[in-house]
Every structure is written in structure tokens, then in C-alpha cells.
Amino acid sequence: MNFRKLLMVVGCLFASIMLVRADDWLGFRGPGGLGIAKDKGLPVSWGEGKNVAWKTALPGPGSSSPIVVGNKIFVTCYSGYAEDRDNPGDIKKLMRHVVCVDRAGGKIVWKRDISAVQPEHECGTFLNLHGYASSTPVSDGKSVFVFLGISGVVAFDLDGKELWKTSVGKGTNSWGTGTSPIVYKDLVIINASVESGSLVALNKKTGDEVWRAKDISQSWSTPVLAKVGGRTELVVSGSKKILGFEPDTGKELWHADSFDWYVCPTVTAHNGVVYALQNSTCVAVKAGGKGDVTKSHTLWQKDFGNTVTSPTFHEGHIYWAGPVATCLNAADGKVVYKERLKPDGSTFYAAPVLGDGKIYYVSRTNGTYVVAASPKFGQLAHNTLDNSVFNASPAVSNSQLFLRSDRFLYCIATEK
């Protein structure tokens, strides 16, 4: 009888742990990289002194989004160079930081400093917009993996012990680097287009290279794992085309010639269809093809899009904002609405996050707009915090929003 009780207790504890883990936000745009949260009770409005559970000063600026692993939040920053754009200082003093924050109260638990490999590209017009810490970390629940451009990919355990570090290329660009790593099985996969013109898969336990897919040009787009029937495809937007790969081997499966220049937005996927944006294009491509599928698998293509922010799928519609809030019918690409957010004049780098019937659009300098997740446009709120720059997408966990600016990390939660 005691043994049965013990089993019941262990089972309950295991279920509790699994419930917490299911609520984690482990990488850029959360589960599947789709920007969709299952949480309920998400806050609608907030500001200084309202629905702000805590606010933590960060050790430097950055554009990477926070991730949530259990009771810990991870984010990257930089310091030592280009903190003041008008007086950048000595680039040899550039330092990256991996920061672990206690989600309960916002206290910094640990910080690890990583010296920049040189020669790094000096700050300028484009790099000034987002800086030197723009890649969101990713976790498998046991380790945290960060991508730092030519300074490499670094793995830590959750307590801050460095596990391995490896290079994925030595190239730099005046626009900097900004793609985020993803985890697939025992692999960490990075779009190292800037650094080596490649997708690179590393063994997540050792950092050893497992495969490399070349000819990924002018791409600042984070890869996404798309479910196609009973298999998984690795999809990424590159200059000129959208590409599908076999994620275990890096073998190219298909490509669709959709674009005509560099690309930043990350694709979103639903039921085997990939939706992608570029600065002057939005397109829907059916995944699961072979070879050149431009004509056979392109479902629709429109001559408008977005330069930086990414789309989100919800109940048969595609949403994004930049600066106009846009909703398309996912089946045919027809415009359902294009509406100006109020107050207008905002620009957006952050990808939207959808949850609890709401879409959260974080602008760079003019606050967060909360819009109904509905084909009928409805702006629910406009929320502002400090006067710094917000380039990061929100993380969502346990009905809380985690927002980061280039100065602070915020926990936003409905007051009870």
C-alpha cells in the first residue's frame, strides 16, 4: 500500500514538472517558432505601476528576445562598444553577455561574459538599429545555446557552466547578424548566412558539426520546422527563394523562387503550408515538394510584404504589422484589412505574438499595440513603458509576458 502511495506521489510530481515544462518558451517565437501561446488570462493593458510585476536593468543593450526555461529567463546583451552610437569607443572592448534572470522576482541569477572575436564589423547606420546581441537563445530544457556571429555558438548548462564553443564562420556584414538557433532532436541548427553562407547543424552535446548546407545568401531569417504529413522539414527564407531541407541530413528537398533581394522575416507554417514575407512580397508555398516547386507549389503571391517583422497564422488568416496592421485570408492571400495602429508612426522589428485572442505588436519606440486576433480589426490597447528601444519579441509563459528593451527586462502580468 505504501509503495502504491509512493508511486502516486511520484506520478503527481512528474505530472507537475511536465506541466511547468509545457509552459516554457524555449526559443525565438516560442513553440515551433510560430509566435503562438496557449496561455489564457494574458494582460491587455499595462504601464509603469500597472500590471508590471517586476522590472530589471540589464547589463547592456540588445535586441534578442527572452526565453523561459522553468523558473529561469535567459537573454543576451552586449557592452564595451557602441552603447553610445555617437561615441562608440574601441571595438576591441566589445563584450557579449548571457544573462539568467529569476522569473519570480527579476533578480539576475548569473551572467557570463564572452569577449568578441575580432575583426567584428564596426557599428554604422544599419548595425546601430539593433546592435551586437540580436540572436535569441534557444534551450532544450537542459542547456542553453547562444549564437554570437563570428564569435561562434556557445552552450551553457542552466547554471551557467560553459559546455562547448564552436565557430560557424568568419564573415561579417554592415547589417550585422541576427538569426536565432533552433533545436531539432540532438542538433542545434543555425542560419549562418552572414558568417559562412550556410545552414549549419551542430551536435548539441559536443558542438561538433554534423552537416552544412551551402549557398544560403543574404538571409537574416531564422529557420522553422514545418510538419508535412508524417515528416518534418526545415524551412528557411533565403535571398531569391524559400528552401526546404531534410533536417537530419541537411539535404535540400525543394525550393520556390519567390523573392528578389535580401530577407529578414521568419516564415510561419500551418498544415503543410509555409507563409513568408519579404520587403515587397508575401507568398504561400505548399511544403513537401521536390526540386523547383515555384510553379507547382506556390499557392499565391502578392506584391506587398514587410522588411523585418514576421507573420503569424491564426484560424485561416495571416497577421503582421509594420506599421500598418495587416490581415490576409490564408487560403488565397486576399486582403481582409489594412489598418493604421493608433497612435501611428511606429516601426516594428519584433515579430508578433498571439495568445488568448489577442495579438501583441511591439514597436521599436512607440509602445506595444494589442489587437484582437480576428478578421475584424479591433485595437484593444496601446501600452508604453520606458523611452528606450524595443526590438525583441515577447516571451509568454504561465500567463505572463516578458518584454525586453535595450535597457530593461519586464515581467507583465495581470494583477490579481
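The values are calculated or read from the model by the stated rules, or taken from the named source; none is laboratory data. Fair warning: this is a prediction, and the values are worked out from it, not measured in the lab. In this analysis, Cβ positions are derived from the backbone assuming ideal geometry, glycine residues included, and neighbour counts consider all displayed protein chains.
Let's see how each residue does on (1) within 26 Å of ALA373 (Cβ to Cβ); (2) touching a residue at least 24 places away in the same chain (Cβ under 8 Å); (3) of a type in the set (A, V, I, L, M):
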site	(1), (2), (3)
ILE36	yes, yes, yes
GLY41	yes, yes, no
GLY49	no, no, no
ALA57	no, yes, yes
GLY62	no, yes, no
PHE74	no, yes, no
TYR78	no, yes, no
GLY89	no, no, no
key: Count of segment 59-85 residues which are of a type in the set (A, V, I, L, M) and more than 19 Å from the chain's Cα centre (by Cα)   = 1
Test for GLY70: is it touching a residue at least 12 places away in the same chain (Cβ under 8 Å) and on the phi > 0 side of the Ramachandran plot = yes
note = Restricting segment 236-259 to residues that are on the phi < 0 side of the Ramachandran plot and among the basic types (Lys, Arg), the one nearest to the chain's Cα centre (by Cα) turns out to be LYS241
request  = Say whether the condition of being closer than 27 Å to TRP211 by Cα, in a loop (DSSP other than H, G, I, E, B), charged (D, E, K, R) and out of contact with any helix residue (DSSP H, G or I) (no Cβ under 8 Å at 6 or more places or on another chain) is met by at least one residue in segment 259-271.
outcome  = no
message = Here is a list: ASN387, ASN391. Which entry is out of contact with any strand residue (DSSP E or B) (no Cβ under 8 Å at 6 or more places or on another chain), assigned to a loop (DSSP other than H, G, I, E, B), buried (at least 18 other Cβ atoms within 10 Å of the Cβ) and not basic (Lys, Arg)?
response = ASN391
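Before we move on, is ASP344 more than 25 Å from TRP54 (Cα to Cα), of a type outside the set (Phe, Trp, Tyr), modelled with pLDDT of 95 or more and not in a strand (DSSP E or B)?
Judged against the criteria, ASP344 is not a match.
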note = Quick count over segment 323-339, residues being at negative phi and surrounded by 14 or more Cβ atoms within 10 Å (Cβ to Cβ), is 11
inquiry  = Could you check segment 211-230 and list, in sequence order, the residues that are part of a strand (DSSP E or B) and either under 18 Å from ALA284 (Cβ atoms) or in contact (Cβ under 8 Å) with a residue 40 or more places away in the chain (or both)?
reply    = SER219, VAL224, LEU225, ALA226, LYS227, VAL228
ask   = Could you list, in sequence order, the residues of segment 242-258 that are surrounded by 22 or more Cβ atoms within 10 Å (Cβ to Cβ), of a type outside the set (Val, Ile, Thr) and outside any loop (DSSP other than H, G, I, E, B)?
value = LEU243, GLY244, PHE245, TRP254, ALA256
task = Go through segment 268-310 residue by residue and tally those that are under 21 Å from the mean Cα position of the chain (by Cα) and closer than 18 Å to SER239 by Cα.
result = 17
